[in-house]
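**Student:** A single structure is presented below for examination.
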Amino acid sequence: MAYDRDDIEKIRQATSIIDLVQAVTSVKKTGRSHKAICPFHQEKTPSMSLDPSRGFYHCFGCGAGGDIFKFVQETQGLDFSEAVELLARQAGVTLRVDPQAAQRRGERHRLIDAVESAVDFYNERLKIGDDAGAARSYLRGRGYDGDVVDEFELGFSPSDSRTDLVRHLKKAGFKDQDLIGAGLARKSQRGAVIDWFHGRVMFPIRDVKGDAVGFGARLLEGEGPKYLNTPETKLYSKAKLLYGLDRARKEITLNRLAIVVEGYTDVIALHRAGMPLAVASCGTALGEDHFDLLRRFTDVIVLAFDADQAGAGAAIRGDELHLPAELGLDLRVARMPEGRDPADMVQDGDASLLRKAIDDSIPLLMFRLDSEVRNHRLNEPEGRARAVRACAEIVGRLSDKVARAEYARYIVRLTGADASAVTEAVEQAARGRKGTSTGAAKPVASATPIRDFPPPRTGAERLEREVLRLLVSNHLGHVVVDPDWIGRADYREVFEILAAQRAETDRVDINAVEDQGIRSFLMTIMLDDPPEGDPQEIATAVHIQAIDRQIADLTAQLDQVTPQEYSQLQYKLIALEKQKRELGSHGD
């Protein structure tokens, strides 16, 4: 629901972040500051800072942070609208719907409603459809009873017709463009709108907020790919989705651990085995966006693929995860028994072995070195030399010299080679990589390059920074700010990212910003001391600054133009000066 921003602001003013945090953890006041034991990770010394004047919180231990609404969302498992409604009841604020915001969000909600309706349709078809017998047998064979089917909303796409879902959803009021836009249907060669999925077991995929956005679908018989996913849509982007994260994110945050498995049934298996920390990619290899997504909740990630998959690195896109340290993550590998995956182990009653494999996980880089060494004959001098060179190439990618030295010692233990020779090979590989900008030795890109945002150098930049603070903290309200008013380029880029997010969801969520460097910068400015002046005054001042820049640019052109162009520039200057005076008079 899109609620009026004025009502949301009333809730913000009437709600104490101190009271909210004290309800779930201990808060200590020291001087004028408030500190709390962070409820999102294990700690003994308070590392969460509270700002009661503006209703913000930020943990310097795990990075969790936001406003009163975000805190209620994360601690009580609510979405934003539910958090607003809960706090409105507590504050005695009557909520009104914002029609303009509702219109902006209408298309996305319509597509989500279509996918939600498809989830219910497929689930019902699995239970009672005459053509779903093989699907029910397949799921029973995996040990799934009716409770599991309902809990994970499993379904079946009809096999005896290619238009059953289309007809069902059109009767419910959805249009062809909705079905195609949601990835539920497509046009046939003859132009008819037909179901996208046909004769498959359906696994609904939800985004991190819990909205149904697509499906993973397993073929039981016939021709076609074993797994088929929803096509790329406005809702569904497989590179930015993880199956099960909507269920697991709260436990992942509390345990500071995520387990990434290969498939949908593996996720279900771990959840059934009492480890609701599992997620899986949706028909694509793991990439930077997936790890950016998980980084919001934890920095410890265990890959729990079957032995062959993990050894070959098949679930990791390309070579980009050679350097877990550059991802800002503790990326680990659980060494699984040969030929067995998590789903098999749980089904066979070996959940304890699975849990031990996860507990005994090792860093990904160690796993890569172990795997590389196994490819060489260490009992032969030439084989041992080849193993050292191959491992040195991997370790040489590390930018941290201390880490390179530690892994050089690890290579010595693995191969039995001379320590000085190994160290020299690693450092030679590192030097070669530093001097290479193109070619085979392609540097591995950091998953989230840390952006550098120098402090504001002028009063104008300080005002623009304050506009960003108002926007990210959802305090800008109905005040209009044009991106072109922001003169500093990096501030303007951040403003456009936040404005686009607010246009889609009617609010800004700092944790939904993908760039880690921008998130860090925004968290910093959220804790700035607020300057004097209300949002409209600050926006007007920034607008006047933008006009001043235009006036300066036009004035600089006066000496370099023809008489006719001179007159045109003078008219523009007069108009800008008039606009500036009018803006200034409104502020008096």
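**Student:** Exactly one of these conditions fails for PHE197: (1) of a type in the set (Phe, Trp, Tyr); (2) farther than 25 Å from ASP79 by Cα; (3) in contact with a Gly (Cβ under 7 Å, 6 or more places away or on another chain); (4) part of a loop (DSSP other than H, G, I, E, B). Give me its number.
**Tutor:** Here PHE197 clears every test but (3).
**Student:** Name the single residue that is farthest from ARG295 (Cα to Cα) among those in region 450-501 being part of a helix (DSSP H, G or I) and either touching a Ser or Thr at 6+ places or on another chain (Cβ under 8 Å) or among the β-branched types (Val, Ile, Thr) (or both). Show your work before the answer.
**Tutor:** In the first step, residues of region 450-501 are kept if they are part of a helix (DSSP H, G or I); the result is 459-472, 483-485, 489-501.
From the residues that got through so far, the ones that are either touching a Ser or Thr at 6+ places or on another chain (Cβ under 8 Å) or among the β-branched types (Val, Ile, Thr) (or both) too are 467, 472, 494, 497.
Details: VAL467: 27, VAL472: 20, VAL494: 20, ILE497: 19 Å.
That would be VAL467.
**Student:** Okay, moving on. Of the residues ALA310, ALA304, ALA280, only one is within 23 Å of ILE394 (Cβ to Cβ), of a type in the set (A, V, I, L, M, F, W, C) and modelled with pLDDT of 85 or more; which?
**Tutor:** Numbers: ALA310 fails: modelled with pLDDT of 85 or more; ALA280 fails: within 23 Å of ILE394 (Cβ to Cβ).
Checking each option against the conditions leaves just ALA304.
**Student:** Condition first: among the acidic types (Asp, Glu) and either at pLDDT 90 or above or in contact with a Pro (Cβ under 6 Å, 6 or more places away or on another chain) (or both). Now tell me which residues in region 357-397 satisfy that.
**Tutor:** First pass over region 357-397, keeping only residues among the acidic types (Asp, Glu): 359-360, 370, 372, 380, 382, 393.
ASP359, ASP360, GLU380, GLU382, listed by residue number.
**Student:** Then there's this: Among the numbered criteria (1) in contact (Cβ under 8 Å) with a residue 40 or more places away in the chain; (2) farther than 25 Å from ILE259 by Cβ; (3) surrounded by 14 or more Cβ atoms within 10 Å (Cβ to Cβ), which one does TYR410 miss?
**Tutor:** (2)
**Student:** Separate question: Report yes if some residue within region 156-177 is in contact (Cβ under 8 Å) with a residue 12 or more places away in the chain, in a strand (DSSP E or B) and either touching a Phe, Trp or Tyr at 6+ places or on another chain (Cβ under 9 Å) or assigned by TED's automatic domain parsing to the domain that holds PRO39 (or both); otherwise report no.
**Tutor:** yes
**Student:** How many residues are more than 14 Å from HIS198 (Cα to Cα) and crowded, with 20+ Cβ neighbours inside 10 Å when one looks only at region 145-167?
**Tutor:** Residues flagged as more than 14 Å from HIS198 (Cα to Cα) and crowded, with 20+ Cβ neighbours inside 10 Å within region 145-167 amount to 2.
**Student:** Of all residues in region 184-194, count the ones that are assigned to a loop (DSSP other than H, G, I, E, B) and at pLDDT 95 or above.
**Tutor:** Step one: list which residues in region 184-194 are assigned to a loop (DSSP other than H, G, I, E, B), which gives 184, 188-192.
Now narrow it down to the ones that are at pLDDT 95 or above: 184.
Of the residues in that region, 1 qualify.
**Student:** Continuing with the same structure: Could you tell me whether TYR138 is assigned to a loop (DSSP other than H, G, I, E, B) and either in the same structural domain as HIS198 (by TED's automatic domain parsing) or acidic (Asp, Glu) (or both)? Explain how you work it out, then say what you get.
**Tutor:** Working: assigned to a loop (DSSP other than H, G, I, E, B): no; either in the same structural domain as HIS198 (by TED's automatic domain parsing) or acidic (Asp, Glu) (or both): yes.
Judged against the criteria, TYR138 is not a match.
**Student:** Still on this model: Please tell me if VAL208 is under 25 Å from ALA278 (Cβ atoms) and not in a loop (DSSP other than H, G, I, E, B).
**Tutor:** No; evaluated as a whole, the condition is false for this residue.
**Student:** Could you tell me which numbered condition GLY173 fails, if it satisfies all but one of (1) closer than 30 Å to THR75 by Cβ; (2) out of contact with any helix residue (DSSP H, G or I) (no Cβ under 8 Å at 6 or more places or on another chain); (3) surrounded by fewer than 22 Cβ atoms within 10 Å (Cβ to Cβ)?
**Tutor:** Failed condition: (1).
**Student:** Just to verify a result, which residue in region 499-518, among those that are free of Cβ contacts under 8 Å to residues at least 60 places away in the same chain and in contact with a helix residue (DSSP H, G or I) (Cβ under 6 Å, 6 or more places away or on another chain), is farthest from PHE69 (Cα to Cα)?
**Tutor:** That would be VAL513.
**Student:** Condition test on VAL213, is it part of a strand (DSSP E or B) and over 30 Å from LYS356 (Cα atoms)? So that I can check it myself, show each step before the final result.
**Tutor:** On the way: part of a strand (DSSP E or B): yes; over 30 Å from LYS356 (Cα atoms): yes.
Yes: the conditions hold for VAL213.
**Student:** Within region 1-115, which helices (runs of 4 or more DSSP H) (wholly inside it) include 2 or more residues that are free of Cβ contacts under 8 Å to residues at least 40 places away in the same chain, crowded, with 16+ Cβ neighbours inside 10 Å and hydroxyl-bearing (Ser, Thr, Tyr)? Spell out how you get there, then give the answer.
**Tutor:** Numbers: elements: 5-14, 17-22, 68-76, 80-91.
Once the helices (runs of 4 or more DSSP H) in region 1-115 are filtered for at least 2 residues that are free of Cβ contacts under 8 Å to residues at least 40 places away in the same chain, crowded, with 16+ Cβ neighbours inside 10 Å and hydroxyl-bearing (Ser, Thr, Tyr), nothing remains.
**Student:** Which one of the conditions (1) without any contact (Cβ under 8 Å) to a residue 40 or more places away in the chain; (2) closer than 23 Å to GLN76 by Cα; (3) hydrophobic (A, V, I, L, M, F, W, C) does ILE252 fail to meet, given that it meets all the rest?
**Tutor:** The one condition ILE252 does not meet is (1).
**Student:** When you scan region 48-63, do you find a residue that is more than 21 Å from VAL513 (Cβ to Cβ) and not hydrophobic (A, V, I, L, M, F, W, C), even just one?
**Tutor:** Looking for residues that are more than 21 Å from VAL513 (Cβ to Cβ) and not hydrophobic (A, V, I, L, M, F, W, C), one finds at least one in region 48-63, hence yes.
**Student:** Among (1) at pLDDT below 80; (2) farther than 23 Å from ASP4 by Cβ; (3) of a type in the set (D, E, K, R), there is one condition ASP490 misses while meeting the rest; what is its number?
**Tutor:** So ASP490 meets the others, but not (1).
**Student:** Still on this structure, I have one more. Checking LEU228 against (1) buried (at least 24 other Cβ atoms within 10 Å of the Cβ); (2) closer than 23 Å to ALA132 by Cα, which test does it fail?
**Tutor:** Evaluating LEU228 over (1) buried (at least 24 other Cβ atoms within 10 Å of the Cβ); (2) closer than 23 Å to ALA132 by Cα leaves (1) as the failure.
**Student:** Which number in (1) out of contact with any Lys or Arg (no Cβ under 8 Å at 6 or more places or on another chain); (2) of a type in the set (D, E, K, R); (3) in the same structural domain as ARG295 (by TED's automatic domain parsing) marks the one condition that GLU223 misses?
**Tutor:** That leaves (3) as the condition not met.
The values are calculated or read from the model by the stated rules, or taken from the named source; none is laboratory data. All values reported here derive from a predicted model rather than from experimental measurement. Don't worry about glycine lacking a Cβ; one is built from the backbone with ideal geometry, like all the others, and counts go over all protein chains shown.
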